[in-house]
1. Taking segment 164-198 as the search range and keeping residues that are at positive phi and out of contact with any Lys or Arg (no Cβ under 7 Å at 6 or more places or on another chain), which one is surrounded by the most Cβ atoms within 10 Å (Cβ to Cβ)?
2. Got at least one residue in segment 229-247 being free of Cβ contacts under 8 Å to residues at least 12 places away in the same chain and not assigned by TED's automatic domain parsing to the domain that holds ILE299?
3. Does PRO289 fit the bill of being farther than 29 Å from TYR185 by Cα, surrounded by fewer than 18 Cβ atoms within 10 Å (Cβ to Cβ), over 20 Å from the mean Cα position of the chain (by Cα) and not assigned by TED's automatic domain parsing to the domain that holds ALA160?
4. Could you check segment 282-354 for helices (runs of 4 or more DSSP H) lying wholly inside it with 1 or more residues that are among the acidic types (Asp, Glu)?
5. Within segment 321-341, is there a residue that is aliphatic (A, V, I, L, M), within 17 Å of the chain's Cα centre (by Cα) and either on the phi > 0 side of the Ramachandran plot or surrounded by fewer than 20 Cβ atoms within 10 Å (Cβ to Cβ) (or both)?
6. Checking ASN297 against (1) out of contact with any strand residue (DSSP E or B) (no Cβ under 6 Å at 6 or more places or on another chain); (2) modelled with pLDDT of 95 or more; (3) not assigned by TED's automatic domain parsing to the domain that holds LEU188, only one condition comes out false. Which one?
7. Which residues, taken from segment 250-274, are of a type in the set (D, E, K, R) and either touching a residue at least 12 places away in the same chain (Cβ under 8 Å) or outside the structural domain of GLY287 (by TED's automatic domain parsing) (or both)?
8. I need a count of the residues in segment 72-109 that are closer than 17 Å to LEU13 by Cα and either among the polar types (S, T, N, Q) or touching a strand residue (DSSP E or B) at 6+ places or on another chain (Cβ under 9 Å) (or both).
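The values are calculated or read from the model by the stated rules, or taken from the named source; none is laboratory data. Small disclaimer: the values here were computed from a predicted structure and weren't measured. Cβ atoms come from the backbone with ideal geometry, glycine included; neighbour counts cover every protein chain shown.
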Amino acid sequence: MADTVSVELLGRLQPLMSLGSEGLRELLPRCRTQSFARGTDPFRAIDWSGQVAYLMHGQLWVNMPDGTSRVLVGGHELTDTPVARDGKVPAASKAVTDVELLSLDEDTLDIVMTWNQLATPSESVKEADQTDWRMMSGMFAVDNLTVGSFASLPPANIQALLAKFQRIPATRGQTIIKQGDPGDYYYLIESGRCKVSRLVAGSPVQLAELKEGDAFGEDALVADTVRNATVTMNTDGMLLRLSKQDFDELLRAPLLQKVTGAEGERRVAAGAIWIDVRFPAEYQSDGYPGAINIPLNDIRQASAALDPAKEYIVYCQTGRRSSAAAFLLSQRGFHAVLLDGGMRARAGAMESVE
């Protein structure tokens, strides 16, 4: 990417300027610039399908689809809007000088703009009661919106999802969820920090510290089991919580994709990777050939070593532990699907075929 592209530059382009500095900073790596020599036609030199294009530098003559012609000058107010988008490109163009164009994937921009508009606090709501959803970094990271946990959400679910969260004040030292309790809510941290700990041989062991924008509590909801850790506030803060019913309807169902054993095998043959989330002793006993063993309790930390370009098929004995792991991976921007019914169902299907 050219050095001339910056958050400040993106901030003067329409409609990107509405995203704010954090949103623009995340879009920056998705932008690319291309230079074209004087006398060339940039819109015939390459395929611009699916791209939004802006003129950054130089002078460009364009003949638009409606028959109008004009000369655009990079940096001028007219070039703050796209030269091409929605599949509409100039019928003809010519670089009057050397020119530089910036492009961005149109679907990415549309997804980010949709979430941004629905997430922006309403002017009619009192400031003290507002939640600026754009600050939920775990939720609104561009990777999550386009290829991660929220990319699969039907657009109709977005506003319903945001409306269902409740704002809950929390104080330093307060226990939010307790190990062994039933799962009831999914949480996002709007402000403040908290620690995650688990009892090991009767003594608490700290597993992680969570910050603004992080989520917790999904494990028990997805696997339909009890809490496997305790979360306690390290500071005062504000939490956003979603009931189990709303979580299941608006997040779990759309995001947790399942495949059969036969489909899983087909995908692995095409390059996908098995992830076994059972304990090492279980994996060593009958784990699938070529599988990676990442126990469920290690999935958050170990996910940093996974390749986001790969597809992962997550399994366990029954599908309970792997459902939680697949959801956690999806939240972190990985393409992860669940082996439906786990190893037990796959073995049964193979026996019935035999």
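1. Restricting to residues being at positive phi and out of contact with any Lys or Arg (no Cβ under 7 Å at 6 or more places or on another chain), the top hit is GLY192.
2. yes
3. Working: farther than 29 Å from TYR185 by Cα: yes; surrounded by fewer than 18 Cβ atoms within 10 Å (Cβ to Cβ): yes; over 20 Å from the mean Cα position of the chain (by Cα): yes; not assigned by TED's automatic domain parsing to the domain that holds ALA160: yes.
Against the criterion (farther than 29 Å from TYR185 by Cα, surrounded by fewer than 18 Cβ atoms within 10 Å (Cβ to Cβ), over 20 Å from the mean Cα position of the chain (by Cα) and not assigned by TED's automatic domain parsing to the domain that holds ALA160), PRO289 qualifies.
4. 342-353
5. There is no residue in segment 321-341 that is aliphatic (A, V, I, L, M), within 17 Å of the chain's Cα centre (by Cα) and either on the phi > 0 side of the Ramachandran plot or surrounded by fewer than 20 Cβ atoms within 10 Å (Cβ to Cβ) (or both).
6. With (1) out of contact with any strand residue (DSSP E or B) (no Cβ under 6 Å at 6 or more places or on another chain); (2) modelled with pLDDT of 95 or more; (3) not assigned by TED's automatic domain parsing to the domain that holds LEU188 applied to ASN297, the lone miss is (2).
7. Taking segment 250-274 first, the residues of a type in the set (D, E, K, R) are 252, 258, 263, 265-267.
Residues satisfying the conditions are ARG252, LYS258, ARG267.
8. Number satisfying all stated conditions: 23.
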